[in-house]
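Have a look at the structure below before the remarks.
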Amino acid sequence: MIKLGRISYVNMAPIFYRVDMEVDEVQGVPTELNRMLVDGELDTAPISSIEYARNADKLRLLPRLCVASEGAVDSIQLVTRKPLEQVRVVAVTPESATSVVLTKVLLPEAGQVPLEAYETGDADAKLLIGDAALKSAFEDPTPHYDLGRLWLERTGLPMVFAVWACPEPVADGLAELEDALVASVRMARAEPENLAFEASEAYGYPAGFLARYFEKLRYRFGPRERAGLYTFLEMARDHELLETVPELRFVSTKGAAVA
């Protein structure tokens, strides 16, 4: 049975909406799944884009799936006490490698410290991702800057936060699993009200809020997403946050595109 990693945030709900295949599901935050995937403890999982790039010699990609947005994503927020141009110290989360690098790319003059520093007043802004970012948007009146929106304004391209990768040698059954995950996303898109209701029951957010949130997420790893990923990796390299931009190496699969 395939060992499948699942990010423990609500953004995975469309991908796992109706997976018609038996798998051994392992949940964790992005950095946990990154390590497990690179160490060969998982057969496939979403992995932070930057960590894929740093370990591309050991990994192959599923060609049809990613986690991206073209504009605001809602679940990656910079909460700041100062105007964005005045931010010089950002408190960053340990949960997401890609968001930390994206923050550095977008705010190259800002240093980074652990998230706890924000509460002691030693940082101008804090980076929140996943469910913590969604919750903050409800509860904290401090200005929030959406990193997906900032990236689109900077580049005109989608931002790919995670890709689906697998270690070599590739496990049997991955082509069938990709088909099952793609079919799940397509069904979730066809039943948005039911998806939002089920996710609301599971994660505790209002269904209407989640319906709007899911509309902003992209799971199709198409040409624009790949261009956005290459641009992000090139900018990370230019800021000395990545040694080289790797060639994207894919698992050989065939099937319909993600809706």
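One residue is enough: does the stretch 208-223 have a residue meeting the conditions assigned to a helix (DSSP H, G or I), farther than 14 Å from Ser75 by Cα and in contact with a strand residue (DSSP E or B) (Cβ under 6 Å, 6 or more places away or on another chain)? For the stretch 208-223, residues assigned to a helix (DSSP H, G or I), farther than 14 Å from Ser75 by Cα and in contact with a strand residue (DSSP E or B) (Cβ under 6 Å, 6 or more places away or on another chain): absent. Only strands (runs of 3 or more DSSP E) whose full extent lies in the stretch 23-77 are considered here, and the ones with at least 2 residues that are closer than 21 Å to Thr155 by Cβ and in contact (Cβ under 8 Å) with a residue 24 or more places away in the chain are 59-69. The residue that is surrounded by the fewest Cβ atoms within 10 Å (Cβ to Cβ), counting only those in the stretch 6-27 that are over 13 Å from the mean Cα position of the chain (by Cα) and not hydrophobic (A, V, I, L, M, F, W, C), is Glu22.
Return the residue satisfying two criteria in turn: it lies in the stretch 70-89 and is under 28 Å from Phe214 (Cβ atoms) and among the hydrophobic types (A, V, I, L, M, F, W, C), and of such residues it is farthest from the chain's Cα centre (by Cα).
So in the stretch 70-89, the residues under 28 Å from Phe214 (Cβ atoms) come out as 70-80, 84.
Add one more test, that the residue is among the hydrophobic types (A, V, I, L, M, F, W, C), and what stays is 72-73, 76, 78-79, 84.
On the way: Ala72: 13, Val73: 10, Ile76: 9, Leu78: 15, Val79: 18, Leu84: 23 Å.
Ranking the qualifying residues of the stretch 70-89, first place goes to Leu84.
Quick check: anything in the stretch 246-258 open to solvent by 40 Å² or more (accessible area, probe 1.4 Å), at pLDDT below 95 and polar (S, T, N, Q)? Taking every residue of the stretch 246-258 in turn, at least one turns out to be open to solvent by 40 Å² or more (accessible area, probe 1.4 Å), at pLDDT below 95 and polar (S, T, N, Q). The combined condition, being in a helix (DSSP H, G or I), open to solvent by 20 Å² or more (accessible area, probe 1.4 Å) and either on the phi < 0 side of the Ramachandran plot or not small (Gly, Ala, Ser) (or both), is not fulfilled by Val113.
Report, by residue number, each residue of the stretch 131-185 that is out of contact with any helix residue (DSSP H, G or I) (no Cβ under 8 Å at 6 or more places or on another chain), in a helix (DSSP H, G or I) and open to solvent by 20 Å² or more (accessible area, probe 1.4 Å). Residues satisfying the conditions are Ala132, Lys135, Ala137, Phe138, Glu139, Arg149, Leu152, Glu153, Ala175, Glu176, Asp179, Ala183.
The values are calculated or read from the model by the stated rules, or taken from the named source; none is laboratory data. Please read these numbers as outputs of a predicted model, since none were measured by experiment. Neighbour counts are summed over all protein chains in view; Cβ atoms, including those assigned to glycine, are modelled from backbone coordinates with ideal geometry. Quick note on the areas: whole protein, heavy atoms, side chains included, nothing else; ligands and nucleic acids left out. Shrake-Rupley method; radii C 1.70, N 1.55, O 1.52, S 1.80 Å.
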